[in-house]
Amino acid sequence: MEEEREQVVSPRSATGSAEERMLEADLVQEMVARRERGEGIKRIARELGVDRKTVKRWLKLGAWRPREPQRRARQLDPFAEFIERRAPEVGFNGAVLYRELQGLGFTGGIVQVQRFLRPRREQRRWSELATVRFETGPGEQAQVDYGQLWAWIGTKPEKVHLFVLTLGYSRRLYAHAYRHERLSSLLDGHERAFRWFGGVTLNCLYDNPRNLVLGRREHKVLWHPQFEDFARYYGFTPRACQPYRARTKGKVENGVKYVKRNAMAGRRFTSWEDLNDWLERWSVEVADQRVHGTTHQRPADRFAHEQLTPLGTRPPYHYERVQSRRVANDALVTIGAARYSVPVAYVGQTVCVQESTTHYEIFHRARLIARHPKAARYSVMMDPGHYAGLLRTSGKLTPAAPPRFDPYFGGFGEVMVRDLKLYEVVSASEGGDAQ
């Protein structure tokens, strides 16, 4: 009898078809039901033909549970954390990872590395392809980008940089051709587009162009100071795509392709002016009149509902030179061979200097901290209020307070006056001649 019990396989360790697993679940349910009726463990084990320890274990769990799969240890397990971090940096290249793992002591084969990477490559592929279509409301967003191509202008081919601004809601676009993609052309393109549409959207989206995005710090975009001033002037908020996620700016990228393949296809121009005149005419006669593939409406029709912020009587943006400077230890900023003071609290900080015709305005994170008229070369302009609270002023050390306990200072109290005969007596007592 005992031999037969030892040969019975525990329901927890059994594996097999769905039917077999169902029988295991029914067996455990029978154990629990018998226990609830007051039967003892020995009787349950005997009548069901299972070991008593098995009955105890299932009764303790209270119900049937599927077996947890047990994964066998792999040679790559000690290197898993390294692979997870390193694989994206080498583009999930199995050969490169295998070579580096050998240097770390891995003795397995490259097939093991490839097998380990396979599900991670699939996950990466789907995460790159998967996007959610993001539609914006009227007047909410515009998207900006450049496209490059070669075109015949006059008698020779020229590299053309196409500035394209697309309104997110109506899909109307404005395109202008430039010789370069410097900040000056980017600001000019915005200016022309705003005047073309007669208004500004609430925000504009960009794909991290180097002439606008100087970097990122604490998950915040560091914009070029001149562009920040331009955005403040027109009242829109600049936004940058997440790095390596430019598909979030798909509307304008499709617009750039459309301009290249439709407006520029097979064309030759007599001059740059002729090229830009054609782009404006093409925008009105062709791009605005087509039925858009996503909205299924003409951009010109949807533009009637585009709620842009009107420009009003605002004059064109006056380009002011903006410079970045670091505040020296003496709270001075060097500008144009002269030096200008800022409050001492900004020593060591980076500030932005905006130059106008007659003045310099110094900003720290969009806050005006100093304003000086332009001075001659090599001069120093210091505002005494910028140094408030410092002990050292004008190069001279000012004591914090006068000494309180100087014994030679007469103001400490009246000096006691003694009779001179007193000193003669003291001298005689010490063996001196009193006569």
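The values are calculated or read from the model by the stated rules, or taken from the named source; none is laboratory data. Keep in mind it's a predicted model, so treat the numbers as computed, not measured. No Cβ is skipped: glycine too gets one built from the backbone with ideal geometry, and neighbour counts run over all protein chains shown.
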Worksheet item: Checking TYR340 against (1) touching an Asp or Glu at 6+ places or on another chain (Cβ under 7 Å); (2) in a strand (DSSP E or B), which test does it fail?
Response: (1)
Worksheet item: Would you pick out the residues in the range 164-213 that are basic (Lys, Arg) and either crowded, with 17+ Cβ neighbours inside 10 Å or not assigned by TED's automatic domain parsing to the domain that holds PHE230 (or both)?
Response: ARG171, ARG172, ARG192
Worksheet item: For the range 201-237, how many residues are over 14 Å from the mean Cα position of the chain (by Cα) and on the phi > 0 side of the Ramachandran plot?
Response: 1
Discussion item. Which pairs turn up if I take residues in the range 65-89 that are within 16 Å of ILE110 (Cβ to Cβ) and look for partners that are surrounded by 14 or more Cβ atoms within 10 Å (Cβ to Cβ) and modelled with pLDDT of 85 or more with beta carbon separation below 6 Å, at least 6 apart in sequence or on another chain?
Written reply: GLN75/GLY108; LEU76/GLN112; LEU76/PHE116; PHE79/LEU101; PHE79/PHE106
Discussion item. Can you go through VAL347, VAL342, VAL353, VAL380 and tell me which one is buried (at least 18 other Cβ atoms within 10 Å of the Cβ), over 13 Å from VAL322 (Cα atoms) and not assigned by TED's automatic domain parsing to the domain that holds TRP223?
Written reply: VAL342
Worksheet item: When both residues are 6+ apart or on different chains and their Cβ atoms are under 7 Å apart, which pairs have a first residue that lies in the range 328-342 and is β-branched (Val, Ile, Thr), and a second that is assigned to a loop (DSSP other than H, G, I, E, B)?
Response: VAL333/VAL327; VAL333/VAL342; VAL342/VAL327; VAL342/ALA331
Worksheet, complete the sentence: When every residue in the range 364-377 that is in contact (Cβ under 8 Å) with a residue 24 or more places away in the chain and assigned to a strand (DSSP E or B) is compared, the one surrounded by the most Cβ atoms within 10 Å (Cβ to Cβ) is ALA370
Practice prompt. Look at THR334 and say whether it is within 35 Å of the chain's Cα centre (by Cα) and in a loop (DSSP other than H, G, I, E, B).
Written response: no
Worksheet item: List, please: which pairs have Cβ atoms under 6 Å, are six or more places apart or on different chains, and start with a residue in the range 254-272 that is in a helix (DSSP H, G or I) and end with one that is surrounded by fewer than 18 Cβ atoms within 10 Å (Cβ to Cβ)?
Response: LYS260/LEU149; ALA263/TRP282
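Conditions (1) outside the structural domain of ARG124 (by TED's automatic domain parsing); (2) within 18 Å of PRO119 (Cβ to Cβ); (3) at pLDDT below 85; (4) in a loop (DSSP other than H, G, I, E, B), marked per residue:
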site: GLU39; (1), (2), (3), (4): yes, no, no, yes
site: LYS42; (1), (2), (3), (4): yes, no, no, no
site: ARG71; (1), (2), (3), (4): yes, yes, yes, yes
site: ARG85; (1), (2), (3), (4): no, yes, no, no
site: GLN102; (1), (2), (3), (4): no, no, no, no
site: GLY105; (1), (2), (3), (4): no, no, no, yes
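Name the one entry in ALA328, ALA300 that is among the hydrophobic types (A, V, I, L, M, F, W, C) and either in a strand (DSSP E or B) or within 17 Å of ALA375 (Cβ to Cβ) (or both).
Being among the hydrophobic types (A, V, I, L, M, F, W, C) and either in a strand (DSSP E or B) or within 17 Å of ALA375 (Cβ to Cβ) (or both) holds for just one of ALA328, ALA300, which is ALA328.
Return a yes/no flag: does the range 327-335 have any residue that is of a type in the set (S, T, N, Q), in contact with a His (Cβ under 8 Å, 6 or more places away or on another chain) and either more than 30 Å from TRP152 (Cβ to Cβ) or exposed (fewer than 12 other Cβ atoms within 10 Å of the Cβ) (or both).
no
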Worksheet item: Under the condition of being hydroxyl-bearing (Ser, Thr, Tyr) and either assigned to a helix (DSSP H, G or I) or surrounded by 14 or more Cβ atoms within 10 Å (Cβ to Cβ) (or both), which residue from the range 107-147 is modelled with the highest pLDDT?
Response: TYR146
Worksheet entry | Condition broken by LYS260, with the remaining ones in (1) of a type in the set (Lys, Arg); (2) surrounded by 14 or more Cβ atoms within 10 Å (Cβ to Cβ); (3) more than 21 Å from ARG179 (Cβ to Cβ) satisfied | (3)
